[in-house]
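The values are calculated or read from the model by the stated rules, or taken from the named source; none is laboratory data. Model, not experiment: these values are computed from the prediction. Note that each Cβ is placed from the backbone with ideal geometry, even for glycine, and that neighbours are counted across all protein chains shown. Just so you know, the surface numbers come from the protein's heavy atoms only, side chains and all, with ligands and any DNA or RNA stripped out. Shrake-Rupley method; radii C 1.70, N 1.55, O 1.52, S 1.80 Å.
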Amino acid sequence: MESDGSTGLAKSAALKLSEMGERTKQLGSAMQEPNRQRRVILVIVCVALLLDNMLYMVIVPIIPDYLADLESEQALHTHANSSLNRTFSGKSNRENLDVQIGVLFASKAILQLMVNPLSGTFIDRVGYDIPLLIGLMVMFVSTCIFAFAENYVTLFIARSMQGLGSAFADTSGIAMIADKYTEEAERSRALGIALAFISFGSLVAPPFGGVLYEFAGKSVPFIVLASVCLADGVLLLTVIKPFSNRTRENMPIGTPIYRLMADPYIAVVAGALTVCNIPLAFLEPTISNWMENTMSASKWEMGLVWLPAFFPHVLGVYITVKLAAKYPNLQWFYGALGMVIIGASSCTVPACRNFTQLIFPLCGICFGIALVDTALLPTLAFLVDVRHVSVYGSVYAIADISYSLAYAMGPVVAGQIVHNLGFVQLNLGMGLVNVLYAPALLFLRYVCQMKPSYSERNVLLEEGPTGLYDTIQMEERKLKRKGLCTTTSSVCPVDENGFFERSDEESSGPEYT
């Protein structure tokens with residue numbers, strides 16, 4: 001009897017295991033369906049970008065207080081002889097603490113800035129998923145170290161490691177979105193969603209970190225973020241399977257990053273991304289002290305001052321995506337308009353005298369940044385498509401360099417400008433730079449009319465495709481040759497050889513190369 005019962009239990013267990021296996025297979029096959037996989041990839045990338053920006057901003061309410069506690073503990077252990085020495089030591093410690101905070105804040109962006117040229121080339125060579133996984137792993141380890149660090153050196157190492165992880169995760173994530181969403185309208189929408197997650201991470205992190213630090217201690221915010229990072233990495237391994245049989249060997253060779261940097265159109269876009277983010281990067285480390293001195297702001301006001309700006313940022317993303325779908329030839333104008341709004345809003349910040357007034361110009365800055373980013377990030381992918389090779393690692397490494405440049409300078413340069421010239425002059429200078437740079441985007445007004453050039457690469461395509469993008473191009477040409485595919489406004493007609501046709505005027509005129 002007992003043996004029969006145990007046999008029945010074994011059979012039922014085996015049946016349940018087989019059912020679970022079947023469900024897992026069904027789920028796996030469903031995940032491999034292209035449209036569903038694209039959506040899951042978008043979720044994975046958006047969570048990675050959310051984590052990266054939360055890690056950047058979550059330390060804002062935590063680190064100054066935590067380092068001050070460390071300094072006071074060291075002072076108690078080391079002593080002080082006379083009251084005069086204690087006063088002098090207190091002043092020097094305060095100045096030293098400010099420097100330490102500034103360096104710690106900037107270290108992530110500085111290392112990210114240094115690694116990005118290498119990470120972009122690496123992504124172009126091996127694809128997008130493995131670098132994304134590497135970035136998530138490094139971010140997970142560094143966040144765990146940050147959670148349990150008990151001295152400044154360990155905090156600095158962990159913060160710098162976060163920059164290393166971000167250089168891989170941010171660049172490969174944005175590049176993966178550009179690669180998966182090839183239609184301009186879809187690409188703008190997907191990148192807009194990613195930008196909304198970036199904004200949400202940046203703006204919600206300070207209150208998130210401040211509340212958990214106050215009630216649960218320093219480690220808890222970082223443990224929560226490390227757990228989310230680990231879950232995102234597991235999802236990436238499950239859905240994309242970066243180490244399974246892949247076609248990385250067949251990927252086309254991307255344009256070197258130095259050649260992309262020399263492209264005048266890409267250079268204009270990169271400059272705009274840096275300039276438009278300067279007000280945000282420079283105000284974040286300086287606005288709290290200014291609020292305390294000019295309007296006697298409370299700690300909760302200083303912690304929540306950026307949170308309302310999330311809503312106009314999302315609104316700016318939504319408006320730009322809708323306008324870009326309807327009027328794609330005006331992308332440059334949306335960016336220029338955003339820079340003017342940023343400039344005007346920056347100039348009005350020093351005129352605010354209370355918390356409510358200050359919310360409006362900060363919302364204006366974030367709204368303008370949303371216009372610029374949402375208009376110009378898809379433009380980078382389009383420029384690579386029509387002027388270079390459709391591999392996006394290096395071009396989005398350039399975009400990440402632009403952001404990192406602003407945020408690396410912010411904590412170090414902004415404090416010096418405020419100390420030497422004043423907070424008013426800082427804001428007027430940032431506003432003026434944005435307004436003056438806006439006309440440079442006129443240089444991009446004919447970008448939408450560019451067509452892929454008749455280059456050596458077009459000829460080489462006749463020898464067989466070398467990657468996913470080339471395969472798609474080759475199949476489209478075959479279909480067009482057979483009359484099975486109609487051309488759209490964004491694709492040139494092709495002749496009987498599968499090459500792009502050009503009229504006599506186009507042949508005699510200058511070609512975009």
*the range 429-452, residues that are more than 17 Å from Pro264 (Cα to Cα) and touching a Cys at 6+ places or on another chain (Cβ under 6 Å)*: Gly431
_Please go through the range 101-155 and give me each residue that is buried (at least 19 other Cβ atoms within 10 Å of the Cβ), assigned to a helix (DSSP H, G or I) and among the small types (Gly, Ala, Ser), ordered by number._
Ala106, Ser107, Ala109, Ser119, Gly120, Gly135, Ser142
*Could you say whether any residue in the range 179-201 is open to solvent by less than 30 Å² (accessible area, probe 1.4 Å), touching a His at 6+ places or on another chain (Cβ under 7 Å) and at pLDDT below 85?*
yes
*Could you list, in sequence order, all residues of the range 353-368 that are open to solvent by 10 Å² or more (accessible area, probe 1.4 Å) and in contact (Cβ under 8 Å) with a residue 24 or more places away in the chain?*
Arg353, Asn354, Phe355, Ile359, Cys363, Gly364, Phe367
*Going through the range 393-414 one residue at a time, which ones are in contact with an Asp or Glu (Cβ under 6 Å, 6 or more places away or on another chain) and either outside any helix (DSSP H, G or I) or not charged (D, E, K, R) (or both)?*
Gly393, Ser394
*Cys347 passes all but one of (1) closer than 18 Å to Trp306 by Cα; (2) without any contact (Cβ under 8 Å) to a residue 60 or more places away in the chain; (3) not aliphatic (A, V, I, L, M); which number fails?*
(2)
*Filter the helices (runs of 4 or more DSSP H) completely within the range 240-314 down to those with at least 1 residues that are modelled with pLDDT under 85 and closer than 30 Å to Gly210 by Cα.*
287-295, 299-304
*Looking at this structure, is Arg86 at pLDDT 80 or above, more than 23 Å from Tyr407 (Cβ to Cβ) and of a type in the set (D, E, K, R)?*
no
*Within the range 296-319, is even one residue open to solvent by less than 60 Å² (accessible area, probe 1.4 Å), touching a residue at least 24 places away in the same chain (Cβ under 8 Å), over 24 Å from Phe197 (Cβ atoms) and of a type in the set (A, V, I, L, M, F, W, C)?*
yes
*Of all residues in the range 323-374, how many are among the charged types (D, E, K, R), outside any helix (DSSP H, G or I) and within 17 Å of Ala185 (Cβ to Cβ)?*
0
